[in-house]
1. For the range 89-124, give me the residue count where each residue is modelled with pLDDT under 80 and under 30 Å from TYR72 (Cβ atoms).
2. Output the residues belonging to the range 39-52 that are exposed (fewer than 13 other Cβ atoms within 10 Å of the Cβ), of a type in the set (A, V, I, L, M) and in a helix (DSSP H, G or I).
3. Tell me whether the range 74-87 contains one or more residues that are within 30 Å of MET107 (Cβ to Cβ) and in a helix (DSSP H, G or I).
4. If I filter the range 4-20 for residues that are out of contact with any Leu (no Cβ under 7 Å at 6 or more places or on another chain) and at pLDDT 85 or above, do I get at least one hit?
5. Out of all the residues in the range 61-72, is one or more over 29 Å from HIS19 (Cα atoms) and modelled with pLDDT of 80 or more?
Amino acid sequence: MNTDTHAAHADHHHDDNSHGSLSTYLLGFVLSVVLTAIPFWLVMSGALPSKQITALVIMAFAVVQIVVHMIYFLHMNTKSENGWSMMALIFTIVMVVIALSGSLWVMSHLNSNMMPIHQMTGMK
């Protein structure tokens, strides 16, 4: 391996933009703690009027926390790995949306599609 190739290879792995500093890790940690504490407080205090609104707010906080983790801890951006990490991010977002919406749809219809208890007692 010649010297120019080795230097370019070393610069690629030690790029200051690809790795975080202590301050960015601490900022990510503080944001993660806050984004966990607020939904916990919302549930424990009952600050919001309905369970549905509380669930939607908690999911919004969860999405923001996923983005915080990806930016501050996984260092995902449009420039890293020639955009492939952004494609992985988009794929992850699509999968999370499908999983969350499917789970919420199943849970919301579960009660109405279950057999009532008074019909089950007559089946003996």
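The values are calculated or read from the model by the stated rules, or taken from the named source; none is laboratory data. Being a predicted model, the structure only gives us computed values, none of them experimental. Neighbour counts are summed over all protein chains in view; Cβ atoms, including those assigned to glycine, are modelled from backbone coordinates with ideal geometry.
1. The number of residues fulfilling the criteria is 1.
2. The answer is MET44, and nothing else.
3. For the range 74-87, residues within 30 Å of MET107 (Cβ to Cβ) and in a helix (DSSP H, G or I): absent.
4. Looking for residues that are out of contact with any Leu (no Cβ under 7 Å at 6 or more places or on another chain) and at pLDDT 85 or above, one finds none in the range 4-20, hence no.
5. no
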